[in-house]
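Asker: One structure follows; several queries about it will come next.
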Amino acid sequence: MEQTISIEKRIQEVLVNDPLFQVIQETPTEQHFLSESYLDELIEKKYYSTPEVAGWFEVTDAQLRYYIKPFEEYLFDGAATNPSTSTIIRLDFKAILKLRMILLLKDEYRVKGLKRLLCINEDGHVIKQTTSEVTAPKDLENRMDTLSQALAQIMQTGLFQIEQDETTQQTQLILNEDLLQQKIKAIPPETSQKIADIQIVTEQLQKENQELKEKIDEVITSNKNDIAIRIREKHLEQTVLNRLENEALERYAAENKWQLFGKLFNSTQIEIEKKQYIAAYIEEHFPKRLKQELHHYHEQLVE
């Protein structure tokens, strides 16, 4: 009778040397990966369709197939016994676990990053690594050499000492304060004076920079105020024009009420005379009226 795989130990045994499993170990992702509800339904010696697995992982069948395609050799271990065809893909216990890890890590590493972790080349084949390449990659050796050289150079200066903390038993670098004070005292007076001069110039530049910033802020604020004033002045100008036009119409009607009846059948002539009257009235009164309104507006601004 087939047994349902639901224990962490069996999953850890199956994926003991898997590169992706090594990435998620000792992280919060590992606990999530080992405790998902779909594991209660998973049977080790059974094959599952992509729609069924997609339902477990809460993705579409198309999305699942998108992540299967670049990792086929990794998922199926190149096994010829897998019953997949060109249209139907069947996933076994181990392939499902691998595919789940791909989906959990896809946002962080993307497809290219996952391929690098799995040593998959451009043709989609997994490149097998020797034990020495895995345990001691050349890049790591180079980094260790660089760090060793850097530490040696630091120690040669005499400014640091290596000591062991009595409480934590950890080795740590300690600054040699006595030697540092000696080095400072040994600095020539000319150099000290130059440093002091540089500090004075720096402070002066900082002060000028602050003053310049304040002036720029004042200009920006002033420009904003000027724009607001010009908008208000333009509005006052239009308001004065409208008032004068209304006044001109009232005066025209009052002065020509007897003539309007006689020209009842000559409306075009009336309209021309009315416009001429209004234009002349505005031309006569506009400058003075606008000056009064602007003067009143600017008095309010000052207050």
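The values are calculated or read from the model by the stated rules, or taken from the named source; none is laboratory data. Everything quoted here is computed from the prediction, not taken from an experiment. Here the Cβ positions follow ideal geometry from the backbone for every residue, glycine too, while neighbour counts run over all protein chains shown. Protein only, heavy atoms only, side chains kept; ligands, DNA and RNA dropped before computing areas. Shrake-Rupley method; radii C 1.70, N 1.55, O 1.52, S 1.80 Å.
Asker: Taking 0.36 nm per intervening residue step and subtracting the Cα-Cα distance, what contour gain separates D226 from K69 on full extension? Before the final figure, lay out the partial values.
Answerer: Numbers: separation 157, 0.36 × 157 = 56.52 nm, distance 6.46 nm.
Result for the pair: 50.1 nm of gain on full extension.
Asker: On to the next question. Once phi is turned into θ = phi - 60°, what whole-Hz ³J(HN,Hα) does the Karplus curve with 6.51, -1.76 and 1.60 give for every residue of the stretch 285-294, x standing for Gly and Pro?
Answerer: Couplings: 9, 4, x, 5, 5, 5, 4, 5, 5, 5 Hz.
Asker: Set the Förster distance to 30 Å, then compute FRET efficiency between I88 and K128 from the Cβ-Cβ distance, nearest 0.05.
Answerer: Result of the calculation: an efficiency of 0.55.
Asker: Could you tell me which of the pairs K213/K234; K94/K115; K234/K275 are separated by over 25 angstrom between their Cα atoms in the structure shown?
Answerer: Check vs 25 Å cut-off fails for K213/K234.
Asker: Mind pulling up the Rg/Rh value for the stretch 1-77? Radius of gyration and Kirkwood radius, both on Cα. Mind dumping the intermediate values first?
Answerer: On the way: Rg = 13.2 Å, Rh = 13.9 Å.
When Rh is taken as the Kirkwood radius, the ratio is 0.95.
Asker: Using Cα centres only, tell me the gap between the stretch 284-303 and the stretch 24-40 in whole Å.
Answerer: One Cα centre to the other: 78 Å.
Asker: So how much slack lies between H285 and L147, counting 0.36 nm per residue of separation and subtracting their Cα-Cα distance, in nm?
Answerer: Result for the pair: 40.9 nm of gain on full extension.
Asker: Now for a different question. Per 0.36 nm of contour for each residue apart, how much would the distance between K215 and S267 grow if the chain were fully extended, relative to their Cα-Cα spacing? Don't jump to the answer; show the numbers that get you there.
Answerer: Numbers: separation 52, 0.36 × 52 = 18.72 nm, distance 6.20 nm.
Extra length available between K215 and S267 comes to 12.5 nm.
Asker: I'd like the Karplus ³J(HN,Hα) series for the stretch 30-42: coefficients 6.51, -1.76, 1.60, θ = phi - 60°, whole numbers in Hz, and an x wherever there's a Gly or Pro.
Answerer: So the Karplus estimates, Gly and Pro as x, are 4, 5, 4, 4, 8, 10, 6, 5, 5, 4, 5, 9, 7 Hz.
Asker: With every protein chain kept in place and ligands, DNA and RNA left out, what is the accessible area per residue of the stretch 8-110? Probe 1.4 Å, answer in Å².
Answerer: Normalised by residue count, the accessible surface of the stretch 8-110 is 55 Å².
Asker: Please sort 209-222, 12-25 by packing, taking for each peptide the average over its residues of neighbouring beta carbons within 10 angstrom, highest first.
Answerer: The densest-packed peptide leads the list: 12-25, 209-222.
Asker: Give the peptides 272-280, 292-300 in descending order of average Cβ contacts within 10 Å, highest first.
Answerer: 272-280, 292-300
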